[in-house]
1. Counting other beta carbons within 10 Å of each Cβ, put 43, 272 in order, fewest first.
2. In a Gaussian network model over the chain where Cα atoms closer than 10 Å are linked, find which of 112, 92, 155 has the largest mean-square fluctuation.
3. Helix 164-177 versus the longest principal axis of the chain: what angle, 0 to 90°, nearest 10, using Cα atoms?
4. Pick from 275, 18, 262 the residue whose mean-square fluctuation is largest in a GNM of the chain, springs joining Cα atoms under 10 Å.
5. Where a Cα-Cα gap under 15 Å defines reach, which aspartates and glutamates qualify for residue 57, not counting those fewer than 8 residues away within the same chain?
6. Taking amide H atoms as placed 1.01 Å from N in the peptide plane, list the residues 5 or more away in sequence, or in a different chain, whose amide H sits under 5 Å from that of residue 118.
7. Restricting to the chain, what percent of DSSP beta bridges are antiparallel, rounded to 5?
8. When we measure straight from the Cα of residue 310, which lysines land under 16 angstrom away, once same-chain ones fewer than 8 places off are left out?
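Read the figures in this text as sums done on the coordinates, not as results from a lab. Values in this document were obtained by computation on a predicted structure and should not be read as measured data. FYI the Cβ positions are ideal-geometry reconstructions off the backbone, even for glycines, and counts take in every protein chain you see.
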Amino acid sequence: MYFKKINLVKIFLILPIVYFLIFEIIARLIVFIFIANASIFFYGFNKNINITTHSFKNKEIFVTKINDNASFKINKIKSSDSEIWIFGGSTSNNGFCDSKKLSWVDFLETKSKVKNFSKNGIYSNYSLKILEHKLQYEKPNTIIWANKVNEILYSKRQASFKNVILKNIHSIKKTFKNNSVFFYFSDEIVIRVFDKLGFNIRLENPKLTPKSYDSASNNFYENSKKAIQLAKKNNISQFYIVSLFNKKNIINKENVFFRYYVDKVIKLTNEYNFVKFINTKNFLNEDDREKLLFCDSMHQTLEGKILTAKIVSKAIND
């Protein structure tokens, strides 16, 4: 009887832990080989290390070590380098409409090298993490911060559970994901597989209230403020917050979130004098508003992208 209990303990407790540890070590080794960043071995042990992923296919896996004061020492940056970095969602990424491989970013009129870190379906949380990661190795002269449309996703994904069991399961999952490389990537892969199949298995709250908009705008403000502080500490001379025009606001209608968003933008421009706001819809004339600028509610046609680029180019060049 005693030995049966020992065997049961081995089968149901010890062996799963051993296998999990083996998979964890293998996962860390694979990621290290993939991205050559030794910080992955300290993920979970050092809470200043975070992982950001977007596309496994394009090797978009970033492991970042954040200093306590959120500043980085920039090494070996060529003084002749002049770059513009752009951050945003799908409205700044290439694709959509009649210009699948082009973004408004591709039409910017500038002699500087342009790097576009915009990705479909992301909001400022992701943009901030990418900025933190990239500033460990290089820095631009100008940052264009075009996050807006997807910011409400923050509130949608802050799911609250009335069911105690679901609440505890979500809490345990979050803990594992913040400490285990194997669990983190397993979860991300499952989410992406279901996305490809057309199923969103993320826990989201579909009901939007004034509290949701306020929460999303506060999150945007905090992320943007951290990005601006990083820019200031790294002597990045220009920081532009850009609101891209959409199908609704060119006829003088705005989404509910816009009021919350613009209040936070004004607050940021008042706090930091090197931050400028470009509200592109204010630069459209009546003829522009009559053109076919969209293929859906927000994604621009080729003509819309060219027009956006002209507006932003003029603002940053002036």
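1. Details: 43 21, 272 16.
Fewest-to-most ranking of 43, 272: 272, 43.
2. 112
3. 80
4. Highest fluctuation of the listed residues: 18.
5. Output for residue 57: 188, 195.
6. 88
7. On the way: 6 of 25 bridges.
Beta bridges within the chain, antiparallel portion: roughly 25 percent.
8. Of all the lysines, those that pass the test against residue 310 - Cα under 16 Å, at least 8 places apart if same chain - are 111, 281, 291.
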